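Only the coordinates and a few stated rules stand behind these numbers; no lab work does. Not measured: the values here are computed from a predicted model. For neighbour counting, all protein chains shown are included, and Cβ atoms are generated from backbone atoms with ideal geometry for every residue, glycine included.
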Amino acid sequence: MFDFDATLPLMAIQFLLLVFILDKVFYTPFGKTLDDRSEYVRSKRVGSQERLDQSKKMAEEYEAELAETRKQAQSIVAEAQAEAQTLASAQMTEAQQEAQGQREAAQKEIDQQKQAAMATLDQQVDQLSNQIVEKLLSAAS
Amino acid sequence: MPNFLTFSNILPLAELEVGHHFYWNLGGLTVHGQVFLTSWFVIGLLLIASLLAGRNRQMVPAGLQNFMEYVLEFIRDLAKNQLGEKEYRPWVPFIGTLFLFIFVSNWSGALIPWKLIQLPEGELAAPTGDINTTVALALLTSLAYFYAGFRKRGLGYFAKYVEPTPILLPIAILEDFTKPLSLSFRLFGNILADELVVAVLVLLVPLFIPVPVMMLGLFTSAIQALVFATLAGAYIHEALEGHGDEDH
């Protein structure tokens, strides 16, 4: 069982050869693949992190711009509303004044006609009363 | 060890041959052929898997590439846990190959029916079940941590033998011998014992009964690979840090 012979050194040499050959065909190339891959993954991760940050920043910028635009739109709307309000109130007062004037004119005309009618009525009353007086006087005499 | 279960000739699949080796003679050197055959299979498996998975590497992994990347991440974590973030990278190939070689060896020994392939003598089994392999790996680990220590701190590495007190010098020196010894014998003993237990059970009851033991064998095999690689990492870390006598 414990039979030492030239197998021992030859096996050692053979094993060392195996170490060198496997280093050439297995450890070095596969290790390179593994290292390359981890390097690749790391760089990709860094790159995508950068791009994520960039897009976040861009989104923030756009949001700020959007808020600004919204504010502008609101102020424009408010301005237009105020303008329309003043315009409407001006037209309203003008129309009211016009209506007032027309009403006053009509009132004046009514008053004139009333006075005229009153004057005619007075005349007729006088005439009638004169006639009544004359009739009574003639009847009495 | 003698072939003590000769009556097993009834069941050719369930033969126990411990201590029988398929010897090769290479210019006066004897080697265990069966160990090399299976270790070549293991090495081939690892190389083929790496080459197939690495043929066309994608940024988004799929299939075999994904699996091999998972394996590499596991090994890197293992090395990082032992050596720390700063030091682990140059040691990933060594610790990783220790883990992969031992793990695939153990599981190939447990999962592949090597015994169907007849050899003139001995039998194919996990390469880690042979003491030569485990001692080779353990000595390489020792060399690795000495190398790590000297490279990091030069001759100042020897300072760790007399820190915190020179009284522990013998123990510190002894540690350099016990470390490879325990590493190699732990792995060798576990794998060989597992193979023996499974073989004996298969010999006694060829069906179903050995299955739980086989599962346990798979589990311990995986654990042993992990333990070997982790301890190698811990020893290298200790040599790099020089915290004296941490006993593992």
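General remarks:
- Among A:D5, A:D126, A:D23, the ranking by other beta carbons within 10 Å of each residue's beta carbon, starting with the fewest, stands as A:D126, A:D5, A:D23.
- The tail of the calculated P(r) for segment B:29-91, taken as Cα-Cα distances beyond 13 Å, holds 71 percent of the pairs.
- Scanning residues 5 or more positions from A:D3 or on other chains, those with amide H under 5 Å from its amide H are B:I131, with H placed 1.01 Å from N in the peptide plane.
- Three-way shape call for segment A:7-128 based on the alpha-carbon gyration tensor, with the a/c threshold at 1.5: prolate
- Folded to 0 to 90 degrees: helix A:7-22 orientation relative to chain A principal axis, Cα: 30 degrees
- Taking 26 Å as the straight-line reach from the Cα of A:K56, the lysines in range (excluding those fewer than 8 positions away in the same chain) are A:K44, A:K71.
- Simple label model, 7 Å out from Cα along Cβ direction - A:D3 to A:K57, nm: 7.7 nm
- Fewest-first ranking of B:V60, B:V205, using other Cβ atoms within 10 Å as the exposure measure: B:V60, B:V205
- Compared with the dominant principal axis of the Cα atoms in chain B, helix B:33-54 is inclined by about 70°.
- Once the Cβ-Cβ distance of A:K44 and B:L226 is raised to the sixth power relative to R0 = 51 Å, the FRET efficiency obtained is 0.90.
- Net charge of the neighbourhood of A:E68, taken over other residues with C-beta under 14 Å away and scored Lys/Arg +1, Asp/Glu -1, is -2.
- Against the main long axis of the alpha-carbon atoms of chain A, helix A:28-140 sits at an angle near 0°.
- Taking 0.36 nm per residue of sequence separation and removing the Cα-Cα distance, the B:F74/B:L111 pair yields an extension gain of 11.1 nm.
- Over 40 Å [Cα-Cα, the protein assembly as shown], rounded percent: 48 percent
- What the Cα convex hull of segment B:58-181 gives, in volume per residue, is 157 Å³.
- In chain B, lysine pairs with alpha-carbon atoms under 25 angstrom apart (chain gap of 8 or more, or interchain): 9
- Excluding exposed DSSP-loop GluC sites (Glu not before Pro) (at most 14 other C-beta within 10 Å), longest clean stretch of chain B: B:122-245
- Cα-based Rg of segment B:96-248 normalised by 2.2 N^0.38 Å, two decimals: 1.26
- Neighbour-count order for B:H20, B:H237, fewest beta carbons within 10 angstrom listed first: B:H20, B:H237
- With coordinates expressed along the principal axes, the C-alpha atoms belonging to segment A:56-141 extend over 125, 13, 6 Å, beginning with the largest.
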